[in-house]
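Encoded as structure tokens, the structure appears first; notes follow it.
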Amino acid sequence: MKNFTLSLVLLLAGVTALWAQTTIYTQNFSSAGLPTGWQNVDNTPNNAGKWTRKTSAHSFVSTTASNGFWIFDSDAYGNDNKAENADLISAAINCSANSFVALQFEHYFQQYSTSSGTVSVSTDGTNWTQVYSVTQTSGNPEVVVLDISTVAAYQPTVYLKFNYTGDYDYWWAVDDIKLFQPDPLDISVETITVNKYVGLGNRTITGVVKNNGATAITSFDLSYTDNGGTPVYQSFSGLYIAPFQTYNFSFNQPISMPVAALHNVSVTAYAPNNGNETNVTNNTLAKAITSLSGLPVKNVLIEEFTTAPCQYCPRGTTEINKILANHTNVIAAALHAGFGTDAMTIPDHSTVASAYTSGAPSACIDRVFFSGEEEVAVSTNVWESYCVQQKSTVTPVSIIADNVYNSATRELTVNASARFYGPINDNFRINCYIIEDSVTGTGSGYNQVNYYNTQSSSEWYQKGNPIIGFAHRHVCRQMLGGAWGSTGVITSPTTDGGLYSKQYTYTLPANWNDSRIKIVVLVQEYATSTTNRQILNALQIHLNDADSTFVNSSAPSAVTEVSSKLASVSLYPNPATDVVNLEYSINNTTTVSFEVYNIIGQSIQVIKPSELAQGDYRTTINTSDFKNGVYFVAVKENNKTVNTLKFVVNK
């Protein structure tokens, strides 16, 4: 992807402050038009295109983007079959007093197929040395820092050239260019790579330091503290960290995390090469890490953006079907927005789409903003890999849910609960989606436009364009907590073992097929920035069903093997109102008891043990005081659970 001609480092997200002893030159393109002495050159003979100045384009978010930046917008020139080759060349920059010259700039490069960009340096404007090349950035913006001293040091005239080549092939935006001479010594802590949520036990503190100075670093010291306690020190030597390069560190002494707790870990770097630094503002970095008393099962929610008028969206259906077939613990919800709307679109679809995508088919995977992606919603080719990645992440919350559905009145009641396994001081919200599978209809709001009708390699080949009677999968019919979830349910900070519950009621419209309805309960983060609203966990159940993502639940597990003395256990009526009857047979004298649990694992009724001889028996459980919901009855022989039955109370 990228050719590293000289020493460089790419900072993948955001802008890291670089303190320089000497700023040689800056250009943030805040003035209208081409800066004095700069050149904008079309190298083609047929006017294929030049760079242009913009204040907004393609969501570029450089530090000063709103004041102006320069972009070669290949897309804007259309599919004209004119190969593009254009230079943006700086005015002469005087570096004659500088023994070390570093180049920094912010940029955003998106490639469709074959476009590329290069950065070159010259001392005469004629002979050029390439110092960098790119075909795709891994951040927006991506910040590049290059040591160009071998070309530019002590030179009275230094020119920079940004060259773009392509043809109807997305864009390259550039802003905030700076030449500077850094401090001789400057080390920073860039990241602490320990996960935000971890299990109990000893945890090794790892991370990345960076050399921001002009001198290679051969040794340095580190320390860390846990919640402001006694520092742990470690020295690192025998190294060679070139200017603007990074080093992955690992402490020998781990942090002990025996109980669920919040650990504010602070790492400090100092004494590079046993010397002193002028800039110490970037030497310390802190991170909040929560040790969890349990590690819940993690389910991934993939929110697919799709619409009937989107000609490429059948490909999204193919990809979702493949993912669900190949992977457990993945849940799908189709939001009908991102490319226009259709008959299944609801306002919340459009709200989420406007925050996360610029087209369809695309999808959010747990609403995570993955490194290197243009936006939170990603293209079909990476859906599966990101789902696999998210399945392995640690979540601090389990979800418990049941529901009661009255098919006569079509009234649905959902009891949604979230149990946290540690103290976390963040803003969390609970939500509930109603999903209808395989929705069909007539007219343009349902007929699926199909680009693949003529593509013989596609499963949608010769299915029609549009596809009449297309079955729209996993349609999110309603978000009961809105696009961003229900407020006021989960407190901050959470508590270890804390249970937070919300009840939703909704009447299913008559035109929804209730045999194809599923319910998805989820917990999501909430922050001012929509890119920090990740989904922590999700759970899918059917009508009149219950489930959980428990790791350690007091509720009994289902037992399929019945003992030789107790057999033929049945339960009726189900759903129940005031009573539930258990009928069972005893093969030989034994002791039998029953215990009833609610969906969150609480024991709510116990029928004491009785010694019973061979024969047929009936035991009645009084449910008149039970709330509507799903319950479990554990059938026990000699105080050991030998069977578990589920029933619904619906009054």
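Out of the residues in region 89-120 that are within 13 Å of Gln181 (Cβ to Cβ) and among the hydrophobic types (A, V, I, L, M, F, W, C), which is surrounded by the fewest Cβ atoms within 10 Å (Cβ to Cβ)? First the steps, then the outcome.
Initial filter on region 89-120 (within 13 Å of Gln181 (Cβ to Cβ)): 93-104.
Keeping just the survivors that are among the hydrophobic types (A, V, I, L, M, F, W, C) gives 93, 95, 97, 100-103.
Numbers: Ile93: 21, Cys95: 25, Ala97: 11, Phe100: 23, Val101: 27, Ala102: 25, Leu103: 27.
So the residue we want is Ala97.
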| said: Would you confirm whether or not region 281-288 contains a residue that is of a type in the set (S, T, N, Q) and assigned to a strand (DSSP E or B)? | reply: yes
| remark: Selection over region 134-160 where residues are over 14 Å from Ser116 (Cα atoms) and in a strand (DSSP E or B) yields a count of 9
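Residue-by-condition table, conditions (1) hydroxyl-bearing (Ser, Thr, Tyr); (2) in the same structural domain as Ile490 (by TED's automatic domain parsing); (3) farther than 25 Å from Leu301 by Cα:
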{"position": "Asp402", "(1), (2), (3)": "no, yes, no"}
{"position": "Asn425", "(1), (2), (3)": "no, yes, no"}
{"position": "Phe428", "(1), (2), (3)": "no, yes, no"}
{"position": "Ser438", "(1), (2), (3)": "yes, yes, no"}
{"position": "Asn447", "(1), (2), (3)": "no, yes, yes"}
{"position": "Ser458", "(1), (2), (3)": "yes, yes, yes"}
{"position": "Ile467", "(1), (2), (3)": "no, yes, yes"}
{"position": "His472", "(1), (2), (3)": "no, yes, no"}
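Taking Val265, is it crowded, with 18+ Cβ neighbours inside 10 Å, of a type outside the set (Gly, Ala, Ser) and under 31 Å from the mean Cα position of the chain (by Cα)? Break it down into steps so the answer makes sense when it comes.
Values: crowded, with 18+ Cβ neighbours inside 10 Å: yes; of a type outside the set (Gly, Ala, Ser): yes; under 31 Å from the mean Cα position of the chain (by Cα): yes.
Yes, satisfied.
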| Hits in region 296-340 (condition: over 16 Å from Ser379 (Cβ atoms), in contact (Cβ under 8 Å) with a residue 60 or more places away in the chain and not aliphatic (A, V, I, L, M)) | Pro296, Lys298, Asn299, Pro309, Asn321, His327, Asn329, His336
| Single condition Phe369 does not satisfy, out of (1) surrounded by fewer than 24 Cβ atoms within 10 Å (Cβ to Cβ); (2) not in a loop (DSSP other than H, G, I, E, B) | (2)
| message | Please go through region 55-76 and give me each residue that is assigned to a loop (DSSP other than H, G, I, E, B) and either in contact with a Pro (Cβ under 6 Å, 6 or more places away or on another chain) or not aromatic (Phe, Trp, Tyr) (or both), ordered by number. | response | Thr55, Ser56, Ala57, His58, Ser59, Val61, Ser62, Thr63, Thr64, Gly68
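With free of Cβ contacts under 8 Å to residues at least 12 places away in the same chain, in contact with a Ser or Thr (Cβ under 9 Å, 6 or more places away or on another chain) and of a type in the set (Phe, Trp, Tyr) as the only criterion, which of Tyr461, Tyr405 stands out? Steps first, please.
On the way: Tyr405 fails: free of Cβ contacts under 8 Å to residues at least 12 places away in the same chain.
Sole residue among the options that is free of Cβ contacts under 8 Å to residues at least 12 places away in the same chain, in contact with a Ser or Thr (Cβ under 9 Å, 6 or more places away or on another chain) and of a type in the set (Phe, Trp, Tyr): Tyr461.
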| request: Considering only residues that are crowded, with 24+ Cβ neighbours inside 10 Å and small (Gly, Ala, Ser), look in region 407-421 and name the one that is nearest to the chain's Cα centre (by Cα). | output: Ala418
| Could you say whether any residue in region 216-235 is assigned to a loop (DSSP other than H, G, I, E, B), of a type in the set (Phe, Trp, Tyr) and modelled with pLDDT of 95 or more? | no
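The values are calculated or read from the model by the stated rules, or taken from the named source; none is laboratory data. Since we're looking at a predicted model, the values are computed, not measured. Quick reminder, even Gly has a Cβ in these numbers, built from the backbone with ideal geometry, and neighbours come from all protein chains shown.
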